[in-house]
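S.K.: Pasting in a structure now, in structure tokens, and then I'll have a few things to ask.
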Amino acid sequence: MLLTLIIIFSLLGSVVSILAAALFLLFPEKIRIVFVPAIISYATGTLLGAALLGLIPKAAESITVYRVSVTLLTGLVGFFVLEKLIIWRHCHNSDCEVHKTAGPLILIGDAFHNFVDGVIIAAAFITSVPLGVMTSISVITHEIPQEVGDFAILLDAGYSRLKAFGLNMVSGMTALVGAVLAYLFMQSVRAAIPYVMCISAASFIYIAIGDLIPGLNHHTRLKDSLLQIALLLAGIGTILILTGFTLN
């Protein structure tokens, strides 16, 4: 039963996100310009909420606060290094400097990131089903705008729509591989789960603060700012509802 849930939600976090992103490409650009920042705002809230209200508190139940802090700091520094190596990247538009390296590197980076997402989802579900659902929601919401950006870059690089979709689906399936492998090995080394949750929280915080929020800050009109704040709070509120009713 647990493995089935892990498989379902890892597919939701990857394949379904890619399908949703592909649908966005069918919309006129004016609609995409409005909706993608809205999704990013909501995703930022869910990422921060899941990390600070779900993953970190759960990890602190099993290991000391000092170990949580050290692991979290290690994760943040590690993701910074990975981003500098252009392996871990989260750009959402065609102007991103990393995207100028074009298609193959984007697909490799996505495959790596989706694999890690699968591990994160599995670790959360092994800890508790509600935490797994919460974590999956955060993964799904931040994957959709990322995939929209990736599709746009692949098309700009000369890929056909069908080829861009197919290659994105292949890279998305690495989430399932990561989830199943994590389930098989973490069940036998459960002591590692709190540390994996800390690293997972670090990835969520890094994505939210390092990648998503700077992009949102490009929209400076009062109307846009108020909408972003409202949606960010809505994302946090979603996690608060889940934690309030299922984790306490």
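A short reminder: the numbers here are calculations on the coordinates, not readings from a lab. Remember, it's a predicted structure, so these values are computed and weren't measured experimentally. FYI the Cβ positions are ideal-geometry reconstructions off the backbone, even for glycines, and counts take in every protein chain you see.
S.K.: Taking only Cα atoms, what is the 0 to 90° angle, nearest 10, from helix 129-156's long axis to the longest principal axis of the chain?
M.R.: 20
S.K.: Using Cβ contacts closer than 10 Å as the measure, can you line up 197, 1 from fewest to most?
M.R.: Lowest to highest Cβ neighbour count: 1, 197.
S.K.: Give me log10 I(q)/I(0) at q = 0.11, 0.17 Å⁻¹ for the chain, Debye formula, one equal scatterer per alpha-carbon, no solvent.
M.R.: Evaluating at q = 0.11, 0.17 Å⁻¹ gives log10 I(q)/I(0) of -0.54, -1.31.
S.K.: Provide, for the chain, the number of lysine pairs with alpha carbons under 27 Å apart, each pair being eight or more places apart or on different chains.
M.R.: 5
S.K.: I would also like to ask the following. Relative to the longest principal axis of the C-alpha atoms of the chain, give the angle of the C-alpha long axis of helix 29-49, reported between 0 and 90° and rounded to the nearest 10°.
M.R.: With rounding to tens, the tilt is 10 degrees.
S.K.: Which angle from 0 to 90°, rounded to the nearest 10, does the C-alpha axis of helix 103-127 make with the longest principal axis of the chain?
M.R.: Once rounded, the angle reads 30 degrees.
S.K.: Determine, for 112, 79, 27, the number of other Cβ atoms within 10 Å of each Cβ, and report the residues in order from fewest to most.
M.R.: Placing the least packed residue first, the sequence is 27, 112, 79.
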